[in-house]
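I have placed the structure first, in the form of structure tokens, so that the comments after it can refer back to it.
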Amino acid sequence: MSIFITGVAGFIGCRLARLFLERGDSVAGFDNFCRGSRHNMKGVLEHPNFSFSLIDLADLGAYRRALCELHGRDPVTEIWHLAANSDIPAGVTDPNVDFRDTFLTTFNSLLLMQELGIDTIAFASSSAIYGDFGDQSLTEDIGPLFPVSNYGAMKLASEASISAALESHLKRAYVFRFPNVVGVPATHGVIQDFMLKLKATPGNLDVLGDGTQQKSYLHADELIDAMLFIRTHAHEKMNYFNIGADDDGVTVKFIAQAVVDRVAPGATITFGHGNKGWVGDVPKFRYSIQKLANLGWRPRLGSAVTIRKAVDEIARQEYGQ
Ligand SMILES: NC(=O)c1ccc[n+]([C@@H]2O[C@H](COP(=O)([O-])OP(=O)(O)OC[C@H]3O[C@@H](n4cnc5c(N)ncnc54)[C@H](O)[C@@H]3O)[C@@H](O)[C@H]2O)c1
């Protein structure tokens, strides 16, 4: 297979590329390094079956030129679209960020797939499309959906565009609704944020919100395993799945303590007010992964073990120890 990955220099994209290469596929990827980096692609960039271009996917002209050139050389069989803005608060401050990096990158990808006759897309969606349902278990068919962040809105709009494209030119789509995913190389996320804060003000960790926000966390190894499982075993035209841990998650307080214990024992933790970390944050969600379990995949690790494992990995990344 000849796989094309957008956002290939990011946290999940570079890991996915590595796995496809190990499997014997040829892989090409684009990224504009707004968050990803060459460093993340160590071991991938040098691979003889990998090619990379530095492209802003929101720039349709540049994207078209590069993809046509690539497709002419080695016809792309499917697109794994992972490029997006991964900083939710940034999209609250300036909604243009999510319009460009989260929606327009999807829209342009679909446009070029139509032009070039590439008929299969795998898309990194998010639990953020659901909005705030409180304690209700989020099944894939719950609704109506009213996202509370611009990021969630642009992911939902992307899913809608994929659905429409299935009526015209796409043959098959895989929509993966990710939970919070952790591991290395970390490019963002609560664990890395806490470590960066502790580096700036050793001795105190200032937490946004009162620490009671509770979410489920999945390790990147398990996420990728689930994505590949779905790609192999789901055969509908539109294959959409929640991917997540099989529990109610852990609190921000738990994560703060795990980070302090690992990298700054004895540091004090100061909590803010209210149960939201920022505007657009969903303080609590319960993810149903029954549909994925029915297909035959279940996570091995719970959220607490996942967090401890990722804290250790990210500590090595940030502190070298
Ligand atoms: N990591 C998570 O917890 C999580 C949760 C839900 C959904 N997701 C989704 O999974 C995907 C991958 O997430 P990640 O954690 O690897 O994030 P990431 O930020 O590490 O990777 C995204 C990559 O996309 C690139 N990118 C962004 N805009 C671009 C543009 N206009 N042109 C070219 N490249 C561009 C960035 O430089 C980055 O390398 C994203 O779509 C994200 O929204 C991630």
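Values quoted throughout were computed directly from the atomic coordinates according to the rules given, and no laboratory measurement underlies them. Model, not experiment: these values are computed from the prediction. Note that each Cβ is placed from the backbone with ideal geometry, even for glycine, and that neighbours are counted across all protein chains shown.
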Restricting to aspartates and glutamates and to Cα separations under 15 Å from Lys42, and discarding same-chain partners fewer than 8 apart, the set is Glu22, Asp31
Once the Cβ-Cβ distance between Leu60 and Lys199 is put in as r, and R0 is 56 Å, what FRET efficiency do you end up with, to the nearest 0.05? 0.90
Residue pairs, from the table Lys215/Lys276; Lys155/Lys197; Lys237/Lys291; Lys155/Lys309; Lys155/Lys199; Lys215/Lys253, whose Cα atoms sit over 22 Å apart: Lys155/Lys197; Lys155/Lys309; Lys155/Lys199
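Can you compute the helix-only [θ] at 222 nm over the chain? Use -39500 (n - 2.57) per DSSP H run of at least 4 residues, normalise by all residues, nearest 500 deg cm²/dmol.
That comes out to -12000 deg cm²/dmol.
Hey, could you grab the Kirkwood Rh for the chain? Inverse mean 1/r over distinct alpha carbon pairs, Å, one decimal. Mind showing how you got there, number by number?
Details: mean 1/r = 0.0498 Å⁻¹.
Result for the chain, one decimal place: 20.1 Å.
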So Ser137 and Arg316, fully extended at 0.36 nm per residue minus their Cα-Cα distance, gain in nm 60.9 nm
Charge dipole magnitude, Cβ of K and R +1, D and E -1 - the chain, Cα centre, debye nearest 20: 420
Which of rounded, prolate, oblate describes segment 254-321, given a ≥ b ≥ c as roots of the alpha-carbon gyration tensor eigenvalues and a/c under 1.5 marking rounded, otherwise prolate only if a/b is larger than b/c? oblate
For the pair Glu115/Asp25, report the inter-label distance in nm, with labels modelled 7 Å from Cα in the Cβ direction. 2.3
Neighbourhood charge, 14 Å Cβ-Cβ cut-off, centred on Met195 and excluding it, Lys, Arg +1 and Asp, Glu -1: -2
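Relative to the Cα centre, what is the charge dipole magnitude of segment 26-88, using +1 at the beta carbon of each Lys and Arg, -1 at the beta carbon of each Asp and Glu, and rounding to the nearest 20 debye? Mind dumping the intermediate values first?
Details: 6 positive and 8 negative charges, 20 e Å.
Computed about the Cα centre, the dipole is about 100 debye.
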Rounded to 5, the percent of DSSP beta bridges in the chain classed as antiparallel: 5
Dipole of the chain [Lys/Arg +1, Asp/Glu -1 at C-beta], most positive-end residue of Ala157, Gly296, Phe178: Gly296
Expected vector for segment 169-176, Karplus 3J(HN,Hα) from phi with 6.51, -1.76, 1.60 and θ = phi - 60°, integer Hz, x for Gly and Pro, equals 10, 7, 8, 8, 9, 10, 10, 9
Contour minus end-to-end for Ser168 and Asn275, with contour as 0.36 nm per residue of separation and end-to-end as the Cα-Cα distance? 34.2 nm
Please check the chain for the longest run free of GluC sites (Glu not before Pro) that are loop-located per DSSP (anything but H, G, I, E, B) and have at most 15 other Cβ atoms within 10 Å. 47-235
1/(1 + (r/R0)^6) with r = Cβ-Cβ of His47 and His188, R0 = 22 Å, i.e. FRET efficiency to nearest 0.05, evaluates to 0.30
Starting from the amide H of Ser51, placed 1.01 Å from N in the peptide plane, find each other amide H under 5 Å away whose residue is 5 or more places distant or on another chain. Val27, Ala28, Gly29
Amide hydrogen neighbours beyond the local backbone of Lys276, cut-off 5 Å, H modeled: Asp210
Using modelled backbone amide H atoms (1.01 Å from N, in-plane), which distant-in-sequence or interchain residues come within less than 5 Å of Tyr217's amide H? Ala245, Val250, Ser303
Pick out, from Leu116, Ile142, Ser86, the residue whose Cα sits farthest towards the positive end of the charge dipole of the chain, with +1 on the Cβ of Lys and Arg and -1 on the Cβ of Asp and Glu. Ser86
Toy charge model, Lys and Arg Cβ at +1, Asp and Glu Cβ at -1: segment 82-189 dipole around Cα centroid in debye, rounded to 20, equals 220
Roughly speaking, what is the stretch gain from Ala293 to Met1, that is 0.36 nm per residue apart minus the C-alpha to C-alpha distance, in nm to one decimal? 102.4 nm
